[in-house]
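Here it is, the structure in full.
We did not get these values from a lab; they are worked out from the coordinates using the rules stated. It should be emphasised that the depicted structure is a prediction, and the values quoted were computed from it without experimental measurement. Reconstructed Cβ throughout: ideal geometry from the backbone, glycine too, with neighbour counts over all protein chains shown.
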Amino acid sequence: MQFEPVIGLEIHAQLNTKSKLFCSASTEFGANPNTHVTPVSLALPGALPVLNKRAVELAVMAGLAFGCDIQSRSVFARKNYVYPDLPKGYQISQFEHPICLGGAVVLAELNKTIDITRIHMEEDAGKLVHQGANGISGAHASYVDLNRAGVPLIEIVSEPQIQSPKEARLYMERVHHILKFMGVCDGDLEKGSFRCDANISVRPVGQSAFGTRTEVKNLNSFRSIEQSVQYEIDRQISVISSGGTIIQQTMHFDEERGETIALRSKENAHDYRYFPDPDLKPLIVTEDDIASVRLAMREHPDQVLNRLTTDRQLPSHDVKVLMQDVPLLDLFESTCAIAKHVSPKMISKWIVGELNAELKLAKKTTVKAHDLAQIMQALAAKKLSSKMVKDCLPKLVQGVSYDILSDMFGDGQVSDMDQLHGWVDAVMDEHPDVVKKIQGGKVASANFLMGQVMKMSQGRANPDAVRRIILDACARA
Amino acid sequence: MGNILGVAKKIANKDCSCEQVVRHALANVTTDALGLNAVVETFDDIALETAKKWDQHIANGTAPAYAGVPFLIKDNMCLEGAHVTCCSAILTGYKSPYTSTAISRAMDAGFIPIGRTNMDEFAMGSSNEHSVYGPVSNPWNTDYVPGGSSGGSAAAVAAGMVPVTLGSDTGGSIRQPAAYCGVVGMKPTYGTVSRYGLVAFASSLDQIGPFGQSVDDVAIMLEAICGQDPNDATSEKLAVNAFSQHVSMDALSGKRIGVANQLMSDYVDADIRSAVEVVMKKMVDLGATVDFYDFPYIEEALATYYILAPAEASSNLSRFDGVRYGMRHMNADSLGDMIKKTRQHGFGDEVKRRIILGTYVLSSGYYDAYYAKAQSVRAVVTEAYAKLFREFDVLCSPTAPSTAFLKGRHVDDPMTMYLSDIATIPVNLAGLPALSMPCSLSSQGLPIGLQLTGAWFKDHDLLNVATVLEDVLGFTQRYPFSVPEENHAI
């Protein structure tokens, strides 16, 4: 019997806000435990949640990026359960009335679209660190760090239309790319800003009814989603084929062993006793609010990709780098806008190549577009040579402005023919033996003469022009 | 102790210092001459430090209006550096690191918090007999309960310990003890006073409100503490907040007063019905029209409250799990065991009863039949009030069907206890402003309270009507219990 997998994914993405969803505590990662807390995120007696406006904007942005229906009225609900990383004893989420409905994720490589069921907002829980074991059972102590408690999340729920581990991976990558590109989520998988739960079941090919599903939780890498989904599909098929039945349960993926391990049985699914949170008013998003978000939001990556590839005709390598590095992309666009008559291809080449390398070395993300634009313009007008530009990049990255940089090169590159001829003649006179070598066919020796001209001109001679003059002169002499 | 303005004036005139006033109040509270057990703990350090600060300001001429006037806060309100336990074992030893907005505003106006008052545990009760600190006595007769849940706050004001106290009202917890103790107590329109720092019982019903011996004192305190708060999403912007400003003594002229038939039925003590009838006549004398109306949803309102309030409470009290603060049961062999035992030993019976009830009505399979249905009924009740307020300006009724009862009488009979809130509960469901003021004494010499209910955000109008009535009713048979001579100094 042939089986087909049915997969649905729930992605949890942390929204890129400065403060938490319901209080002013910082969302910054890595602080000392329990320092990014307020009475609200500690769930002290008497504390009340107050909604973070920016979080709503980012949630709407995500909804727009995936073509969802933004709901004019959504409701925060309490999801009640007890766990030490959940200080209030309930999580504030959205249940019956989420902020977005519908939408889709396009997987271009597979010519396939996966529909989204809904996107809702909710707060993250804190973290537990166990001593003496990997989990709560067996640990002799567990430490509770509430820094993460209250960080804003959106949960993106897909329809169960994903049909293979590869599709699951592509879906996760695609959603990750879009959210990161749009600035909704920083997409840092290591820090846990972006996590995925996979709901997996199998059924005989041709059957329309769903099989029993299991849920693999907290997948935080593209590799692990593909591996875990594959493993679980194989496991389920194996169980059914040998006459067994699938138990509905929650699983954890053990990366080392490459296996899914059951966490707890979901047979008696937890009753969360959802009810609308009486501390918060219903969330109203008006058409004007949506319009504001649209205006402020970055272009969809697909549109940018199109512009870079089709309009600007950049080479695919450049496109790839720019699409993965939003600050560089912004620098590119800003520089092109200022240096209107300079070839975008040239600007891109410098940004993606030499400048990017310098930035990474200096651990910076960008430079001032105004300064870069002037450098590019000077290069295009041959006022500066390529070598000059390359040499000044480290300083540019340090923040030195174009005005000061250009002073370094004095009057810049010299392209005046008379002056160049003068230097070449002088150098050829000094080294007649090298001239002879060039005339004898050793063209490479021209480099030596070039070096001498550069020395004499203090690096300002236009190297391409000098080279031509040397070769011509040698040919004529 | 005199009223707010009296005390403030003495201080402003430098007849006495803030420190003297505070020391005097602390002494009275600590002595507890009548043995009321109304105050759980005094905040000597905070109070004296604040008093000294205001004394400086008085000397410099920079003190706010009510500098030095002492007040007490119910044990469910947070004050930075002070214990707050909701009279529950589960919060033993807990000190709040922040101050509630309401208290903060009162302090900005010069009021000095000198201690926390006894209450029914987590505000669940109508007699102040469910407290880990023991019951509170009614100053009029210490065999009787003061009412609840803000029993301590009501009793303290009745006994003259301080001019004003703060309580909280979810189903009548300010108004009913105000009635039983013969003082004025007000629950403002929902959203008028910030709930930030008030330990939540039922979030959509709770409001903080003042107790005083006069309507004036209640109005002054309400004005000080009210106003929208960015820390409370359910607090509202107020169009009118000058509650201490009188309109005129004409306040009842042309007013349409409504009285519910159901609240003047045989279920209510005869004494109380007579007292309210006297008030109704006086209102007519003052130029108002008084008419009876039918409020058909009284019983449904009570049932609705006892579904919604426990439901919200069951969730609000989930945070008390022994993990981060308060009591933690140490003799446990697992996390689940620790949490269970902490809550088992930390919560009293009435609290457990309501948590179980609340959890039940929210649970899968019952949510629609109970919780969802109760929400619909709540909307019906609210709409009924909206209709009433097209016809009437103020509604008038007894605050409670009986006067204070003997201690121990109903403590094992929750249903009868719940029924004592029949006149007050519907008001919370709708979020309306309401106050209780003393109008007379029963044949047993116990205070009878009159409840006045206003339309949404018409708190000022309500206070004006009450001021006029207070003047006319002359509830002068006050406080026959003796306060020792030496404590009359202020």
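Work out the P(r) tail for region A:246-403: percent of alpha carbon pairs separated by more than 29 Å, whole number.
48
Under 4 °C and 1.567 mPa s, how fast does region A:411-477 diffuse according to Stokes-Einstein, given a Kirkwood radius computed over C-alpha pairs? Answer in µm²/s, whole number.
Stokes-Einstein gives a translational diffusion coefficient of 112 µm²/s.
For chain B, what is the mean residue ellipticity at 222 nm derived from helices alone (per DSSP H run of n ≥ 4: -39500 (n - 2.57); sum divided by total residues; nearest 500 deg cm²/dmol)?
Roughly -11500 deg cm²/dmol at 222 nm, from the helical runs in chain B.
Also: Nearest 10 degrees, 0 to 90: what angle lies between the long axis of helix A:369-380 and the longest principal axis of chain A (Cα atoms)?
Taking the Cα atoms of chain A, the angle to A:369-380 is about 40 degrees.
Something else about it: As a test of the definition: which semi-axes, in Å, follow for region B:1-48 when you take the square root of five times each eigenvalue of its alpha carbon gyration tensor? Largest first, please.
After scaling each eigenvalue by five and taking roots: 22, 13, 8 Å.
Which is farthest toward the positive dipole end of region A:209-289 among A:PRO276, A:ASN218, A:THR245, measuring Cα position about the Cα centre, with Cβ charges +1 (Lys, Arg) and -1 (Asp, Glu)?
A:THR245
Which order do B:ILE257, A:ILE154, B:ILE355 fall in if you start with the one that has the fewest other Cβ atoms within 10 Å?
Ranked by crowding around the Cβ, least crowded first: B:ILE257, B:ILE355, A:ILE154.
Among the lysines, which fall within straight-line cross-link reach of A:LYS382, defined as a Cα-Cα distance under 24 Å, with same-chain neighbours fewer than 8 residues apart omitted?
Leaving aside lysines fewer than 8 places away in the same chain, those within reach of A:LYS382 are A:LYS340, A:LYS345, A:LYS349, A:LYS368, A:LYS390, A:LYS395, A:LYS455.
Once phi is turned into ³J(HN,Hα) by the Karplus curve 6.51 cos²θ - 1.76 cosθ + 1.60 with θ = phi - 60°, what whole-Hz value does each residue of region B:321-336 show in order, with x for glycine and proline?
10, x, 7, 9, 7, x, 6, 10, 6, 7, 8, 10, 10, 7, 4, x
I've got another one for you. Distance between Cα centroids, region B:217-255 to region A:374-392: provide it in whole Å.
Value for the Cα centre distance between the two parts: 71 Å.
From the backbone phi of region A:310-323, what are the Karplus-calculated ³J(HN,Hα) couplings (6.51 cos²θ - 1.76 cosθ + 1.60, θ = phi - 60°) in whole Hz, Gly and Pro given as x?
Each residue's phi maps through the Karplus curve to give 7, 6, 7, 6, 6, x, 4, 4, 4, 4, 4, 4, 5, 5 Hz.
In terms of modelled amide H atoms, which long-range or inter-chain residues lie less than 5 Å from the amide H of B:TYR144?
When sequence neighbours closer than 5 places are left aside, the close amide H contacts are B:ASN138, B:LYS407.
How much of the calculated P(r) for chain B lies past 36 Å, in percent of all Cα pairs?
Percentage above 36 Å: 24.
Counting Lys +1, Arg +1, Asp -1, Glu -1, what net charge surrounds A:ILE156 among other residues with beta carbon under 13 Å of its beta carbon?
Details: positive: A:ARG118, A:ARG174, A:ARG195; negative: A:GLU10, A:ASP115, A:GLU122, A:GLU155, A:GLU159, A:ASP197.
Charge balance near A:ILE156 sits at -3.
Quick one: 3J(HN,Hα) in Hz for region B:25-39, Karplus 6.51/-1.76/1.60 with θ = phi - 60°, rounded, Gly and Pro as x.
Using θ = phi - 60°, the values come out as 5, 4, 5, 4, 5, 5, 5, 6, 3, 8, x, 7, 6, 6, 10 Hz.
Let me ask something else about it. Rank the residues A:THR286, A:THR38 as a footprinting-exposure proxy: fewest other Cβ atoms within 10 Å of their Cβ go first. Write out the running numbers ahead of the final one.
On the way: A:THR286 10, A:THR38 19.
The order, fewest Cβ neighbours first, is A:THR286, A:THR38.
Using only the C-alpha atoms of region B:61-121, find the volume of their convex hull and express it per residue in Å³.
78
Put one equal scatterer on each alpha carbon of region B:1-158, apply the Debye formula with no solvent term, and list log10 I(q)/I(0) at q = 0.10, 0.19 1/Å to two decimals.
Per q value, in the given order, log10 I(q)/I(0) is -0.35, -1.13.
Please state the shape class of region A:96-135: rounded when a/c is under 1.5, otherwise prolate if a/b exceeds b/c and oblate if not, all from the C-alpha gyration tensor.
Working: a/c = 5.28, a/b = 1.81, b/c = 2.92.
Because a/c hits 1.5 or more and a/b fails to exceed b/c, region A:96-135 counts as oblate.
Here's another thing I want to ask about it. What dipole magnitude, in Debye to the nearest 20, does chain A give about its Cα centre under +1 on Lys/Arg Cβ and -1 on Asp/Glu Cβ?
In debye, rounded to 20, chain A gives about 620.
Here is a follow-up. How many angstrom separate the Cα center of region B:392-407 from the Cα center of region A:227-243?
Distance between centres, Cα-based: 69 Å.
With +1 assigned to the C-beta of every Lys and Arg and -1 to the C-beta of every Asp and Glu, and no other charges, what is the dipole magnitude of region A:114-193 about the Cα centre in debye, to the nearest 20?
180
For region A:1-80, what size does the Cα cloud have along each of its three principal axes, sorted from largest down, in whole Å?
Computed over the Cα atoms, the extents are 57, 34, 26 Å.
What angle, in degrees between 0 and 90 and rounded to the nearest 10, separates the Cα long axis of helix A:53-65 from the longest principal axis of the Cα atoms of chain A?
Once rounded, the angle reads 80 degrees.
Still on this model: What percentages, rounded to whole numbers, describe P(r) for region B:290-357 computed over all alpha carbon pairs with 10 Å bin width beginning at zero?
Calculated P(r), rounded to whole percents: 19, 35, 22, 13, 7, 4, 1.
Taking the beta-carbon count within 10 Å as an exposure proxy, list B:ARG390, B:ARG273, B:ARG354 from fewest neighbours to most.
If I rank by nearby Cβ atoms, fewest first, I get B:ARG390, B:ARG273, B:ARG354.
For chain A, what are Rg and Dmax over the alpha carbons, in angstrom?
Values for chain A (Cα only, Rg and Dmax): 30.3, 96 Å.
Report, as a whole number in µm² per second, the diffusion coefficient that Stokes-Einstein gives for region B:200-352 at 37 °C and 0.692 mPa s using the Kirkwood radius over alpha carbon pairs.
Answer, rounded: 160 µm²/s.
Hey, what D do you get for region A:123-270 in µm²/s if you plug the Kirkwood alpha-carbon radius into Stokes-Einstein at 25 °C and 0.890 mPa s?
Once the numbers are plugged in, D ends up at 144 µm²/s.
Starting at 0 and stepping by 5 Å, how many percent of the alpha carbon pairs of region A:163-232 end up in each bin?
3, 16, 24, 21, 16, 10, 5, 4, 0
Taking N as the number of residues in the protein assembly as shown, what is its Cα Rg relative to 2.2 N^0.38 Å?
1.25
What fraction of the DSSP beta bridges in chain B is antiparallel, stated in percent and rounded to the nearest 5?
Counting only bridges with both partners in chain B, antiparallel ones make up about 65 percent.
Work out the charge dipole of region B:297-350 with +1 on the Cβ of Lys and Arg and -1 on the Cβ of Asp and Glu about the Cα centre, then indicate which of B:ILE307, B:GLY322, B:GLY348 is farthest towards its positive end.
B:GLY322
Also, quick follow-up: Hey, got the dipole for region B:265-365? About the Cα centre, +1 on K and R Cβ, -1 on D and E Cβ, debye to the nearest 20?
Dipole magnitude for region B:265-365 comes out near 840 debye.
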